[in-house]
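Visitor: Please read through the structure below; I'll follow up with questions.
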Amino acid sequence: MTTQLLQDLVLANHILFNEGVLDGFGHISARDPSDPGRFHISRMIAPALVTVDDILEVDLDGVVHDERNRRTYVERFIHSEIYKARPDVHSVVHSHSPTVIPFGVTGTRLRPVCHMSGFLGNKTPIYEIREFIGERSSLLVTNQKLGKALAETLGAQNVALMRGHGSVAVGASIKQVVYRAVYTEVNARLQAQSLALGEPVYLTDGECIETAEAMDTHLDRPWQLWVRRARASAGATNTD
Ligand SMILES: [Zn+2]
């Protein structure tokens with residue numbers, strides 16, 4: 001893992017907190033470019049507090065490799081099983097971003113209502129953990145079996161909702177997955193507002209493909225803004 005990638009992973013943690021995707025919970029990881037069987041993720045702390053020193057290395061069985069025996073999140077199996085199932089995925093975000101949750105519990109499917117969120121496609125799947133663990137559980141993805149089931153629910157999509165819990169977004173890079181996680185939340189807000197006014201006109205499958213491709217060429221622009229905004233917020237906090 002290069003220093004630049006580790007720094008981007010730290011920045012991504014701060015951005016996702018600052019943009020309202022992560023709070024005290026949730027996490028982002030990045031696959032190791034030199035070893036596809038390993039990924040990097042913070043130890044078990046709030047995303048806004050993550051530094052380079054907090055980043056741990058984990059294998060695709062969810063085992064942490066750390067000389068100091070530090071622990072990462074109990075839901076690391078979300079990441080390990082998606083990396084196992086999807087060689088094209090190099091970064092994963094799991095969040096509880098609040099506007100997305102209602103779409104996982106009502107039968108109203110999350111669908112793209114604007115050109116920024118074409119990556120969602122029109123078939124956003126929902127992971128129903130009861131199908132895999134029964135009616136009494138923490139809803140957390142705490143083992144390989146549950147992680148594998150989530151990866152299968154995600155299939156080839158970029159985003160999957162988790163009923164009563166949150167969502168997972170995947171991407172080919174840290175910048176792409178941060179964009180997708182932010183705009184999944186934005187789309188959920190816009191779709192909820194649209195549904196309050198009437199029946200929305202959703203993007204067609206063709207518009208989803210074309211808009212997603214177009215926006216993928218502009219990932220640096222919002223990233224630079226989000227970095228600056230996250231740093232400004234952190235600076236303001238430090239002077240408290
Ligand atoms: Zn969670």
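The values are calculated or read from the model by the stated rules, or taken from the named source; none is laboratory data. None of these values were measured; they are calculated from a predicted model. Here the Cβ positions follow ideal geometry from the backbone for every residue, glycine too, while neighbour counts run over all protein chains shown. Surface accessibility is based on the protein's heavy atoms, side chains included, excluding ligands, DNA and RNA. Shrake-Rupley method; radii C 1.70, N 1.55, O 1.52, S 1.80 Å.
Visitor: Non-local amide H neighbours of ASP32 (under 5 Å, H modeled in plane, Pro and chain starts lacking H): which ones?
Guide: ARG38, PHE39, HIS40
Visitor: Let me ask something else. Place a +1 charge on the Cβ of each Lys and Arg in the chain and a -1 charge on the Cβ of each Asp and Glu, then give the dipole magnitude about the Cα centre in debye, rounded to the nearest 20.
Guide: Values: 24 positive and 28 negative charges, 75 e Å.
Here the size comes out at about 360 debye.
Visitor: If you rank MET44, MET1, MET162 by how much accessible surface each has, with a 1.4 Å probe, what is the order from largest down?
Guide: Output order, biggest surface exposure first: MET44, MET1, MET162.
Visitor: The stretch 90-139: which trypsin sites (Lys or Arg not before Pro) are DSSP loop and have at most 10 other beta-carbon atoms within 10 angstrom?
Guide: ARG136
Visitor: Moving on. Ordered by residue, what ³J(HN,Hα) values in Hz, to whole numbers, does the stretch 211-222 give under the Karplus form 6.51 cos²θ - 1.76 cosθ + 1.60, where θ = phi - 60° and Gly and Pro are x?
Guide: 5, 5, 5, 5, 5, 4, 7, 10, 5, 5, 5, x
Visitor: Could you give the length gained by full extension between ARG86 and ALA214, i.e. 0.36 nm per residue of separation minus their alpha carbon distance, to one decimal place?
Guide: Full-extension gain reported as 43.8 nm.
Visitor: Percent antiparallel among DSSP beta bridges with both residues in the chain, to the nearest 5? Display every interim value, and only then the final one.
Guide: Working: 25 of 27 bridges.
The antiparallel fraction comes to roughly 95 percent.
Visitor: Right, next: Compute the label zone of LYS123 within the stretch 146-174: residues whose backbone N is under 16 Å from the point 7 Å along Cα-to-Cβ.
Guide: 151-161
Visitor: Now for a different question. With labels modelled as points extended 7 Å from the Cα through the Cβ direction, what inter-label distance (nm, one decimal) is found for VAL227 paired with THR2?
Guide: Going by the 7 Å Cα→Cβ label model, 1.3 nm.
Visitor: Residue-wise, which Karplus ³J(HN,Hα) couplings in Hz belong to the stretch 70-77, taking 6.51 cos²θ - 1.76 cosθ + 1.60, θ = phi - 60°, and x for glycine or proline?
Guide: Here the 3J(HN,Hα) series is 7, 9, 10, 5, 5, 8, 4, 5 Hz.
Visitor: Give a residue-ordered list of calculated ³J(HN,Hα) values for the stretch 16-32 (Karplus: 6.51 cos²θ - 1.76 cosθ + 1.60, θ = phi - 60°; whole Hz; x for Gly, Pro).
Guide: Values, residue by residue: 5, 5, 5, 8, x, 8, 9, 10, x, 10, x, 7, 10, 10, 9, 6, 6 Hz.
Visitor: List the residues, sorted by chain then number, that are 5 or more residues from LEU22 or on another chain and whose placed amide H is less than 5 Å from its amide H.
Guide: PHE17
Visitor: Moving on to the next point. Just to confirm, what accessible area per residue do you get for the stretch 84-240 at 1.4 Å probe, in whole Å²?
Guide: Ligands and nucleic acids excluded, the figure is 50 Å² per residue.
Visitor: Return the loop-located chymotrypsin sites (Phe, Trp or Tyr not before Pro) in the stretch 5-62 (DSSP other than H, G, I, E, B) with at most 15 other Cβ atoms within 10 Å of their own Cβ; answer none if there are none.
Guide: Values: sites: PHE17, PHE25, PHE39; in loops: PHE25.
For chymotrypsin sites (Phe, Trp or Tyr not before Pro) across the stretch 5-62 that sit outside H, G, I, E and B with at most 15 neighbouring Cβ atoms in 10 Å, the list reads PHE25.
Visitor: Between HIS65 and LEU49, what is the label-point separation in nm under the 7 Å Cα-to-beta-carbon projection?
Guide: 2.8
Visitor: Figure the gain on full extension for GLU135 and GLU199 (residue separation times 0.36 nm, minus the Cα-Cα span) and round it to one decimal in nm.
Guide: On the way: separation 64, 0.36 × 64 = 23.04 nm, distance 3.37 nm.
Full-extension gain reported as 19.7 nm.
Visitor: Show that you can apply the helix-only estimate: for the chain, add -39,500 (n - 2.57) for every DSSP H stretch of four or more residues, divide by all residues, and state [θ] at 222 nm to the nearest 500.
Guide: The per-residue figure over the chain is -13000 deg cm²/dmol.
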